[in-house]
Amino acid sequence: MKKLLTTLLAMSISMGASAETWKFASEEDKKDVQDIFAQSFAKTIKQESDGDIRVKVYYYGQLGTENDIVELTSKGTVQFVSVGTGHLGSYVPEVQALSVPYVIGTDTDVVREVLTSSKTIYEDLATKFEKVNLKLLTMISEGEMVWGANKAIRSPEDFAGQKIRTFTSTIPVETYKTFGATPTPLSWGEVYGALQLKTVDGMVNPIYFVYNAKWHEVQDYLMLPGQQPYVGTVSTNSKWFNGLSGEKQTMVRKAIKVAEQAAHDYQIKINAENMQKIMNERPDMKVVTLTADERARFKALSSELHETYYNVVENAYRGSDKAEARAGAKKILQSLIKEVNDASL
């Protein structure tokens, strides 16, 4: 019996040692929407592979900044990465179409339909990911982006003199310039201290994340502008994925679908719950929902950013490629707007 137990233990150790490990890097932390996605993905891969493949999840800061984990995935050091579109612009400039405000709106069902089934995203835009050795697998909404501030912001004039933390891509920066604020790009780990010390006046993020990051402790107003959701992207290293067997590729696609559903359900739940937690902890917090007329002013300003988007994409290319890149960017943005309108009917 002792010999049998020793043999079984040795087999168990051997099997564990031979298990394949895939790395999944997230820009967020535990219990954030991208974590729920990653954990669901990991669980499905483990089940589908009968434990032969494990997915190790890395959280914010463990492998560097948002830009760092994209680069690690592009180079193949990491197999999967989840990061918001606002941090992808230096790698895939065309993806910033999703960052242009008032393009995909905030209707939950419409946003999900577009982010999971858009031909524009998964045909035209996905090919741009391939150029930097990334394969776009899915996009997810993490909930409506709200503005935080220490005063009510209902108009572009209210943004005057306000330093607003934004993401690191050009479109988010140019958005708040256009709205009248002074944009200040920061990685999220720096934001609480900046708000506390008032080196920045406000921020923009979904409600669930505002609560998890404790930013509600250092803000007095939350504005719901109906501007756009926070869009997370999930990508893999393209060369690595293409080298997988058909069975493993099918496994990945199934796990992505399961994880998207889990993240979708969770973001709806956690945004509602965390808003209630904010109000319980900060009963003096003022929540402002912009009226249709107030939103219309920001939406009108946002139309100027369409040209900015085309310029950003064009300038990311060289010489004779510029005109084609600009035309491609225009096609992506206009097609995306049409898909949103069609999904809204």
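Readers should treat all values here as calculations from the given coordinates under stated rules, not as data from a laboratory. Quick caveat, the model's predicted, so the values are computed rather than measured. Note that we place each Cβ from the backbone using ideal geometry, even for glycine, and neighbour counts take in every protein chain shown.
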Inset, instruction - Taking the dipole about the Cα centre of the stretch 59-158, with the C-beta of Lys and Arg at +1 and of Asp and Glu at -1, give me whichever of Thr127, Ala149, Thr108 is farthest to the positive side. - result: Thr127
Inset, instruction - Convert each backbone phi in the stretch 160-171 into a coupling constant with the Karplus relation 6.51 cos²θ - 1.76 cosθ + 1.60 (shift: θ = phi - 60°), then list the ³J(HN,Hα) values in order as whole Hz, x for Gly and Pro. - result: 4, x, 8, 8, 10, 5, 10, 7, 8, 7, 5, 4
Legend entry - Label-to-label distance, nm, for residues given as Thr77 and Lys299 (7 Å Cα→Cβ offset): 4.4 nm
Inset, instruction - In a Gaussian network model over the chain where Cα atoms closer than 10 Å are linked, find which of Glu174, Glu71, Glu190 has the largest mean-square fluctuation. - result: Glu190
Inset, instruction - Measure nothing but the geometry: give the 0 to 90° angle between the long axis through the Cα atoms of 2-18 and the longest principal axis through the Cα atoms of the chain, rounded to 10°. - result: 40 degrees
Legend entry - Modelled FRET efficiency - R0 35 Å, Ser245 with Glu113, Cβ distances, 0.05 increments: 0.65
Inset, instruction - Please work out the C-alpha center-to-center distance from the stretch 195-226 to the stretch 58-93 and express it in whole Å. - result: 24 Å
Inset, instruction - Place +1 on the Cβ of every Lys and Arg and -1 on the Cβ of every Asp and Glu in the chain, take the dipole about the Cα centre, and give the residue among Gly64, Met139, Val231 whose Cα lies farthest towards its positive end. - result: Gly64
Legend entry - Nearest 10 degrees, 0 to 90: helix 66-75 Cα axis against the chain principal axis: 40 degrees
Legend entry - Area projected by the alpha carbon convex hull of the chain, averaged over all directions, nm²: 20.2 nm²
Legend entry - Cα long-axis angle, helix 33-48 against the chain (0 to 90 degrees, to the nearest 10): 20 degrees
Inset, instruction - Enter the Cα centre distance for the pair the stretch 110-145 and the stretch 296-345, rounded to the nearest angstrom. - result: 15 Å
Inset, instruction - For the stretch 11-344, give the share of DSSP beta bridges that are antiparallel, in percent and rounded to the nearest 5; count only bridges with both residues there. - result: 55 percent
Legend entry - Shape of the stretch 31-115, Cα gyration tensor, a/c cut at 1.5: oblate
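Compute the relative contact order of the chain as a whole-number percentage, counting only Cα pairs closer than 8 Å that sit 6 or more residues apart in sequence.
Taking the mean separation of contacting Cα pairs over the length of the chain, I get 24 percent.
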Legend entry - Relative contact order, percent, the stretch 218-345 [alpha-carbon distance under 8 Å, six or more residues apart]: 34 percent
Legend entry - Cα centre as origin, Lys/Arg/Asp/Glu Cβ charges: the chain dipole, Debye: 840 debye
Inset, instruction - Under 9 Å from the Cβ of Thr21, count the other residues' Cβ atoms, weight Lys and Arg +1, Asp and Glu -1, and hand me the total. - result: +2
Inset, instruction - Find out how many positive minus negative residues lie around Tyr221, taking Lys and Arg as positive, Asp and Glu as negative, among other residues whose Cβ is under 9 Å from that of Tyr221. - result: +1
Legend entry - Around Asn133: net Lys/Arg minus Asp/Glu count, Cβ-Cβ under 10 Å: +3
